[in-house]
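The values are calculated or read from the model by the stated rules, or taken from the named source; none is laboratory data. What you are looking at is a predicted structure, and each value in this text was computed from that prediction instead of being measured. Cβ coordinates were reconstructed from backbone atoms using ideal geometry, including for glycine residues, and neighbour counts include every protein chain displayed. Remember, those area values only see protein heavy atoms, side chains included, never the ligands or the DNA or RNA. Shrake-Rupley method; radii C 1.70, N 1.55, O 1.52, S 1.80 Å.
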Amino acid sequence: FVICRCGGPIAWKAVRQKRTALSSCEAEIVATNECVEELLSVRYRAADLDLLEEVSGPTAVYNDNQACVNWSASLTTKGIKHLNLNENMVREVVQDGLATIHHIPGVINSSDIFTKEIKCGAHFRRLRDSMMVSRANFLKYDHNVPSHWDDADSWTLARRLGGKPTTWYVVRDTVMKICGACERELPDGSYSEEQRARRQSIRRCAECVAAGNQLVLMKRGRTRPEGDDCPICQLPLPLSLKESTTKACCMKRVCDGCALAAYKRGMWDCPFCRTTTSENDCQILGRVQARVDRGDPEAIFFLGTKNEFGQHGLEKDLARAVELYERAADLGVKEAHYNLGVLYANGADVEKDMDKAIRHYEAAAMGGDVYARCNLGAKEYDAGNYDLFLQHMMISAKLGDEGSLKAVKALFMAGHATKVDYAAALRGYQNAIEEMSSPDRDEAKALGL
């Protein structure tokens, strides 16, 4: 739990409970009881300091477990009839008018920051800000706050939060924005009018503009990750998916050159793990599902693609595909981010949402996905940001994308890029193509494999 006063935490606790709880409700009740004990101590100290206004009314305690909230109002179920009597102190405190228990959504449960692994940066910042900024500023960025909260409620957004009603501590009076280069949170006045209108990932403060600091979006994803290498020949895989194959047995993507070399030696099973090739869709899906059940990110993404396009005997199911893509994206599969970006950008089968599409494209591009980088460049071109369009195209051209090289050449012909830019893009493209080439691959491509 965490107890806040004036918008900031003044007491908190995160320890392993002394006994094993039989349900999440029981665990929440025990934790809420410990929170209320600390809360009473805080109230007594406030009274000793003659801060009578601090204890003039009940303190709001917020919990994201509805069963625990109901229990505090004396609504008991058979599932928790075994609780010790000392856990009933919460009810007595509520009946005495010293505290009130409310339910809040888990997405703004600040105390989760102590107990859960938070992989999403935006979610972490939301929970951090819920304890460290004014309520007014927090509500500008989060719309999941319960509708029954008003200006008289406490600014204590947590599972078990105590606070002082009607007391607000404004940490910042001005609008704060994050710089996409130095990643600092700066006042609105730190940006030029042009930069202020841009989204966070492509916005630079005046200091970074003057120093020529690159955006984080442009610094990451400039090289392809090791996962893009063929596991057999260790060369970067061709960008075209037609020149490599994902093996359902081991979820490894093998280039056609290595597959051809294996066939020449009479090996007709998987060239990587030597598993016998599956003969029908049922066997393939069975192997994939077994890996999905074990949490294999690549298998989760692979199954998502089959649900999206209705392959291997599966019916087309976009809802299931999006669910699998999101799981794979959370586990770091850049291709899942790219596919989600395409779905949200097109809006043909799911609700169109360009903000989500761009966020997924950016995540994929920073992971080294070439096509996501190209799509981001196209968005910047449409918006008239030719400088950002050039940077995206330079990166993707150096990763081996021919279309990006042609785009840089077109920018050079139109006067938006220099001869040095085009020469650098051409050299990078040639180097990338050379790295992806091998005699076996050339032979496989000539044979049409």
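Quick rundown of the values:
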item	result
Heavy-atom accessible area order for Lys334, Lys356, largest first, 1.4 Å probe	Lys356, Lys334
Mean shadow area of segment 304-439 over all directions, Cα convex hull, nm²	9.9 nm²
Residue order for Asp112, Asp281 - accessible surface, 1.4 angstrom probe, largest first	Asp281, Asp112
Using θ = phi - 60° and Karplus 6.51 cos²θ - 1.76 cosθ + 1.60, couplings along segment 323-338 (whole Hz; Gly, Pro as x)	4, 5, 4, 5, 5, 5, 5, 4, 8, x, 7, 5, 4, 5, 4, 5
Local electrostatic count, Val322, Cβ distance below 11 Å [Lys/Arg +1, Asp/Glu -1]	-3
Most to least accessible of Lys316, Lys13 (protein chains only, probe 1.4 Å)	Lys316, Lys13
J(HN,Hα) series, segment 410-424, from Karplus relation 6.51 cos²θ - 1.76 cosθ + 1.60, nearest Hz, glycine and proline x	5, 5, 5, 5, 8, x, 8, 9, 8, 5, 5, 4, 5, 5, 5
